[in-house]
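Taking it in order: structure first as C-alpha cells, then the write-up.
Read-outs: derived from the displayed coordinates by stated rules, not from any lab. Remember, it's a predicted structure, so these values are computed and weren't measured experimentally. No Cβ is skipped: glycine too gets one built from the backbone with ideal geometry, and neighbour counts run over all protein chains shown.
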Amino acid sequence: MRVSGFLLGLTILVTQPQADAPLKTLSPPQSRAFVRALARAEKALTDARLTEAREALRAALERDPKSMEVWRLQARLGKALNNPDEEAYALHRLLRLVIARGTKKERQTVQAQLFAVDPIAEGALSLLLRHQQQLAEIAQKYEKKKWPHAAIAVHKRILALDPENEPSRAAIEKLAAAPDPSLAEDARPPDLFADVSEEWIKEYDREHSEWKERGKLQGDNYATYTDAGYKIMVQAAEAMEQMNAFYRRFFQYGTEEDGRSVSPIDLKIFRDRDEYLKYGSSPAEWSGGQFTGSAVETFAGNGFESMMGVLFHEAAHQFVSLATNSAGWLNEGLASFFEGCRILKNGTVEMNLPASHRLFPLVQRMEEGWMGDEDDGISNEDPNQTPSRAPTFRIVLENKYEWGPPWYAPTWGVVYFLYNYQDPVDGRYVYRRAFREFINASGGKMGDTAVKNFEEVVLANPMKPTKGTESSIELPHTVEQLDAVWKDWTIALSKQQSGATQTSRPYLEWAEFAILRGERSDASEHFEKGLRQTPDDAELLFAFGELLVSEKETDRATKLFRRALREFQENGSKKGVDRTLAHLRRIDPNLRQLQKLETQLAADARATVASYIDRGLELVAMDLALRWGNDLDIPELFTEYERAIRKEGRSLAEWRLAYNEENLDGWISNPAFKASGPLIEGEGGKYSPNSFSYRFLGLDEITSGDFSFEAEVLAEHGNVAFAGLIFGRKSLDAFHALFLSPPGENGLGYVDLASFYSPSEFDTWRHNPVAKKDGRYGGEWYRLRIDITGNLVDVWVDDEFVTTQEFASRDVLRGSFGLIMGDGKVLFRNVRYLSRNPRDPSGVIDRELRLGIDTTLATAEAGDDWEEQENPTPSSNGSWVGLRPAFPRVLRWVQDERRSWKEGASHPQLMVLWSCEQNDVIAVDGWLNDLARQYEEIGLLIVNVVSNYNSGQSSGKSVDEYLKSHPFPGSVGVDEWDDEGGVGRTFRDYSVARFQLPRVLLLDVDGKVVWEGAPGFSKAIGWPQESSFLQKPLEDLIARRRLNELLPWLERWQEQTGTTDAAMDFEELIPLLGEAKGFDGIFPTVREAQARLKDIESLLGDLEATTAQVVRHGAEPSLDVLLEWSQLLGHDIQAGKEIRRAQKGANAQAWKRAQGMLKPMLRKIEKGKPPGSPARAIEKLQGIPGRFPALLAERMAAAANDPEELTELVQNAEELPQVWLLTELLGWF
C-alpha cells in the first residue's frame, strides 16, 4: 500500500538541479553548534534527562529543521515522555524527509514505526487516496482545454495526497513553463527548499565554492552559473524565468502574439566583488553588474534582494536593445525601472514596484533643491560622487552628462514617474501611453532637441479623463512646469512607502473606469494591485473574473471566481454566491464533477483531522489541517486547526536561528558588527546620550508573509544610548524599529516602537517604560520581539506583551530586517526569526492564541456593554496595555467627581498621575489644558489623580490652593493614602514607584488601555517646545475609530431616530445607515445602525424574494420605496420583470387612488380648518384592494376623534409604505 501522501500532507519536492559535479548522499561537515546540540540531546535522552533533551533538540531544530537525525531523536523523546502525539508527529516529519532524501529501506523502517504509534494513518489513507484517479481525469480535461490554472490546481491536490505522483509533478512543471507570471503563485511550492536540509546545502556549496567548480541550473531562458551558493542559484534562476515573461509583456516583444524570438543568455553570479572583477568581462570598477550581450554578470555579498535588483536591471538591457531605439539615460532608466520588482520566498516576483534604494535617495536630493546644470555638484576628483541636489527633468532629458552612479536614481525616477503617474479621480495613467511612444521616438536625441521632442510626444498627449469624470490635476505643458509635479509625486510616493501617509487606492473603481476607457490592460493591472493589497476581497475577485471572461481568459477567470465564491460563502452573501456560481456553471463544464469530488474529499479530510483531535493527537492534526487546508484548498480545516491548537496550547511554527554562532554568513556585512561565539558584538562610534546616530546589521532573508523576529540585547547605560530590532527597512533612513533605551541611574529605561521616514522625520508610536531587573543597575539581557501579522505589529519585551500597533498596509512593513544600535557598544544573542508563507491563516490563529483573544467575545464586550472588573490587576511588568485598568481609589474628588471608567464608555479617556512637586519641575497642566481644548469635539475625558503625599507645593499649599494657580482640566482626585504601604493606593496600583511621574494612560472607547508612558517632556525644555509621546497614539486612536466623523454622525442619527415614524426624514436616515458601515461596530449606536443597514441590504440583495414577500402582503407600493432607498445607499439596482409588474399592478394603482380620496380633507387642512369627519373616506378606502388603503382606513378610524392626530395622519399618508417597511417588514419600531 502506498502511504506517503497521507503521511506527508503536502510535499512538492524540489527537483535537484543538474550541477557541474554529480550529487551524492551526503555526510557533510555539520556546524559546530548544531553538532553540539545534537550530541547534547542524544546524551540527555540516554541519561533520561528529558527536559534537557527537549531544550537541546529545540536548539538543533532552530539550526536545521530538515535534519533527519533531529526528528529521529524527537521521536525518541516523544516515546520516552510517553507522549504518542509528539512521537507520531516527529515520525510524520521524519518520513517526509526520508521520502525526499532517504533510501527505500529507511522509508519502510520509519513507516513501520509510525504505524505502530499512529493507529489512524493506514486506515484513513485508503479513504483519501480513492479520490486520486478522479482528480487525474479532471486534470486531463483541463489540460486538453488548455486551462493551465485549473489543471495546476487539480494536480496540486493530487500531489497533496500523493507527493510521489510523478505524472502530476511533471504536468505542473510543463504547465508552469508558459510565459505567464500569474501561473507562478500556484505552480511553485511555498518554500523552494522545503525538502533540502541545511547540511545538504552546505555540502553542495562546499563542492561548488570556486568559480571553476561553479554550479549550473539550466532554464528555458537563462542558464544560471554561480559559486555563491545553492539557495542563490535556485532562487535567482526561478525569479529570472518569471522576469523574462514580464520583460516580454512590458516591451511587447517576444510574446506569443508578437512572434519574434529572444535568445537565451547566461546569468553569472560571482561569489564576491573580487571574483566579479577578476572573472567578469572587464567590468567597470564602480559597477555592480553588467550586460555583455550574451550574459548578465553580477556578484553576491551585498544582500540577496540587492543582487536580484542588479540582475533585474542588467537583464532588462537585452530587451531594451531588442525592442526599443532608446539610448543614453533612457536605456539605463528603463533598465532601472525593473529594480523595484520584489522576489517572494518561493521565487515568485511582484512587478512594477518602487525601487526603494533609488526612491529615497532621490527624494533627499529633491528636498535639497535642483541642480543648476549637469555639472552642478559633480566632483572633478570623483565624478562618481553623488551631488546633494537633484537634476531637473530638462537636465535628465538633455543627456549631456557622462554616465555614472549619480544618474541612476534620477533616471529611474523619471521612468517610474512617467509610467505610473495617475489621476486619483479615475486612476488613469496620465503619461504611460505617450511615454511608450517616446521610448522609440527619443532615438538618442540630446539637448534642446530632446526636450522639444519630449514636450511634443509626451506632455502634449496625456491620457484624457474618463468620460463623465473631471480631472483633479493640472497638467504641465513644459518640462520646467513638470519639475514640481514630478517632485511632489515622488515625495508623496516615498511617504506612502514608508507609512508616513495613508492614501486611499480604490482599485476596483479605477479598474471599472479603465474598462470604460477601453484600457483593459490597465484594468487588469488595477485588479492585480488591488488583490495584492486585499487578496480576499470577494467583489474585487469577482469583477476581475468578469474582465478575464470578456478577454476570453476563462481559465484564470475560473480560478478567481472560485476564490470569490469561497469569500462570498464565508461572508454569508447569498447574492454573491448565486451570481458567482452562475458564472462558473456557464464557463466551466467540469465544475459540477469537481465540486462533488471536492465535497467528498473535504468531508474525508475533515473527518480524518477530527479523529486525530479526538484521540489526543493534536500535533498531527494541526500539521495535516494546515497542509491540507492550504493545498487541498479546504478552508474549513482551519477551524479544526484552531480547535487543535487551542487544545494543545502551542503552535507548530518553527523558529530559525538567524546567527550561526560562528560567522556572519547570511547577514549583510557591516564592520560595526562581528561574530563572537554565541554573541554578536556591536561597536561603533563614541557613546553620547544625545547622539542619535545608528548602524544596521541586516539579515539577508526573504519573507513573503507574516513573520516574527527576536533577539536578546545587552545594552548598558553609559555604553550605548539604544539598541534593538529593525524591520520594513526601505532605505538607510526609512525603516521601522523597536529599540531599547537601557535603564539609567534612576532604574528606568524605555522601549520605543518608531517609524523613520527621513533623517528628520519620524513617528514614535509607543514609548513604554522598562525597569531594571532584580534591583541591579545595568548588565541585564532584555529579549525584544516583534510579531507581524498582516498590518499589525505586536511588541513583546521579556515574553511580556507590550502593545499592538496597526499600520496602514502590509506593504508599509515590507522590507529587510535585522539589528540596530546607536553609538557605543552592545551585545546580541539568540537572534531568531519565524517566517510564514503568504496567505497562511495560521499566523492569525496563532496570534489569537498567544494574546488570549477570543473572537466570539468581541461584540459582547464592545461599547458600553462591558462591566468593570472588581479588582483588576496589571500584567507582571506593571503594564495595563490591553487591559481595563483599576479605577482610581481616591480620598476625595477636588473637581468633577467620577465613579467608574464606564461613565466614559464610547469616549477616549486619559488618566494622568502627577504630584504638585513634580508639576513644578516637569509641568503638565498647560499641556493637558491644551489637549482638552484641542480634543473637546471628540469627547476626550481627562481623569487626574494627584499624589496624597506632600499634595501641595513645598511651600505647603493644599491641592485646592495649588489648582487655583495651576488649573487642570477634567476630573481631579486626591489619591487615597495607605499607611501600611507608605504610598497612595492608586499610585501603587499603577506602579508609580517603578515608572515615576508623570504617568499617563490612554484608554480606548472600550475602556482598555492602548498606550501608557511618560509625556516625554524634559526638565530643561518642556511643553510646548517639546511634543508629547502621547500625540501620535491619540491621533491614531481618533483616526482608527473615526471619532472626528463619528460625533457629527451620532448627532444626525439622534435627530432622525428621536422622532415619530411620520416625522422621520428618510432621505436623511437611509444615507446615515450607509455611512454607519464605515464606522467601528464597537459603538452600540453604530452597531444598531449597521444591523438595520444589513436588514435593508438583505432585502435588496434578493429583490425577487423580497418582491414575492411584498406581493403576499399586498404591499406593492413599498417596492418604490425600496428602490429609492437603494439609490440613497449608492446601489445601482435595476428593477426586473417581476418587480416592474408589481409596481404597475392593481394594488399599486389602488394606493394612488386612495391618496386621491384624501384631497377634500387636505384642502380643509390647508385652509387652517380641521379635516372633518373621515367616515366617508374610510368607507371608500375599505373597498379598495391592497394593504395600504386598509391600513390607512384603520389608522383614520382610530384617530377619528382626535383632529390633531388625524391631521398629521392625512398629511403624511404618502409615507405609509415606508413606515410599513420599517415597522412590519423590518420590525424596527
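The modelled label-to-label distance for the pair R586/E961, using points 7 Å beyond Cα in the direction of Cβ, is 8.5 nm. For the pair E897 and E480 in one chain, pulling the backbone fully straight at 0.36 nm per residue adds 143.8 nm over the alpha carbon distance. Reducing segment 369-388 and segment 549-606 to their Cα centroids gives an inter-centroid distance of 59 Å. Phi-derived couplings, Karplus 6.51 cos²θ - 1.76 cosθ + 1.60 at θ = phi - 60°, listed residue by residue for segment 658-673: 7, 10, 7, 6, 10, 7, 9, 4, x, 10, 7, 4, 8, x, 6, 10 Hz, with x used for Gly and Pro. Note on the chain: with charges restricted to the Cβ of Lys and Arg (+1) and Asp and Glu (-1), its dipole about the Cα centre is near 3200 debye.
One chain, two ends: A603 and Q1134. Fully extended at 0.36 nm per residue, the span grows by 187.2 nm beyond their Cα-Cα distance. Peptide packing for 41-50, 1211-1220, 77-86 was compared via the average number of neighbouring C-beta atoms within 10 Å per residue; ordered from the highest value, the list is 1211-1220, 77-86, 41-50. Treating r as the C-beta distance of T51 and A112 and R0 as 25 Å, the FRET efficiency rounds to 0.30. For segment 237-331, applying the loop criterion from DSSP together with a ceiling of 12 other beta carbons within 10 Å to the GluC sites (Glu not before Pro) yields E256, E257, E285. Of the residues V1005, G677, A1198, the one whose Cα sits farthest toward the positive end of the charge dipole of the chain, with +1 on the Cβ of Lys and Arg and -1 on the Cβ of Asp and Glu, is A1198. The stretch between M446 and W977, if pulled fully straight at 0.36 nm per residue, gains 183.0 nm over its current Cα-Cα span. Between the residues S842, H357, W510, the greatest Cα displacement towards the positive end of the dipole of the chain, with unit charges on the Cβ of Lys, Arg, Asp and Glu, is found for S842. Taking every DSSP helix (H) stretch of at least 4 residues in the chain, weighting each as -39,500 (n - 2.57) and dividing the sum by the residue count yields a mean residue ellipticity at 222 nm of -14000 deg cm²/dmol.
What percent do you get for the relative contact order of segment 279-392 when only Cα pairs under 8 Å and 6+ apart count? Normalised by residue count, the contact order of segment 279-392 is 15 percent. FRET efficiency for the A1020 to S504 pair, using the beta carbon distance and R₀ = 60 Å, is estimated at 0.90. Restricting segment 743-841 to GluC sites (Glu not before Pro) that sit in a DSSP loop and have at most 14 other Cβ atoms within 10 Å of their own Cβ leaves E745.
Under 5 Å between amide hydrogens, built in the peptide plane, is the criterion, and for Q422 it picks out V430 among residues at least 5 positions away or on other chains. Ranking Y222, F801, L940 by how far each Cα lies toward the positive end of the dipole of the chain (charges on Cβ) leaves Y222 at the top. Sequence-ordered 3J(HN,Hα) estimates for segment 604-609 from the Karplus curve with 6.51, -1.76 and 1.60 and θ = phi - 60° stand at 5, 5, 5, 5, 5, 4 Hz, glycine and proline given as x. Counting neighbouring beta carbons within 10 Å and listing from fewest to most, the residues W1011, W370 come out as W370, W1011. A simple spin-label model places the labels of K596 and H1113 4.2 nm from each other, with each point 7 Å out along Cα-to-Cβ.
The phi-based Karplus calculation (6.51 cos²θ - 1.76 cosθ + 1.60; θ = phi - 60°) puts the 3J(HN,Hα) values of segment 965-974 at 9, 10, x, 10, x, x, 7, 9, x, 8 Hz, whole numbers, x for Gly and Pro.
Please give the residues of segment 801-837, grouped as numeric ranges, whose backbone N is less than 20 Å from a label point set 7 Å along the Cα-to-Cβ vector of L732. Inside the label zone: 815-824.
The overall shape of segment 1046-1225 is oblate: from the C-alpha gyration tensor, with semi-axes ordered a ≥ b ≥ c, the ratio a/c is 1.5 or greater and a/b is no larger than b/c. Here the peptides 737-744, 963-970 are ranked by packing, the mean other Cβ count within 10 Å, and the order with the highest first is 737-744, 963-970. Using the Cβ-Cβ distance between E681 and K278 with R0 set to 30 Å, the FRET efficiency works out to roughly 0.40.
Give, as ranges by residue number, the residues of segment 521-560 whose backbone N falls under 18 Å from the point 7 Å along Cα→Cβ of T469. Under cut-off, by backbone N: 521-531, 540, 543-544, 547.
Sparsely packed loop sites in segment 1050-1129 (the chymotrypsin sites (Phe, Trp or Tyr not before Pro) outside DSSP H, G, I, E and B with at most 14 other Cβ atoms within 10 Å) do not occur.
Amide H to amide H distances under 5 Å link F299 with F270, where only residues 5 or more positions off or on other chains count and H is placed in the peptide plane.
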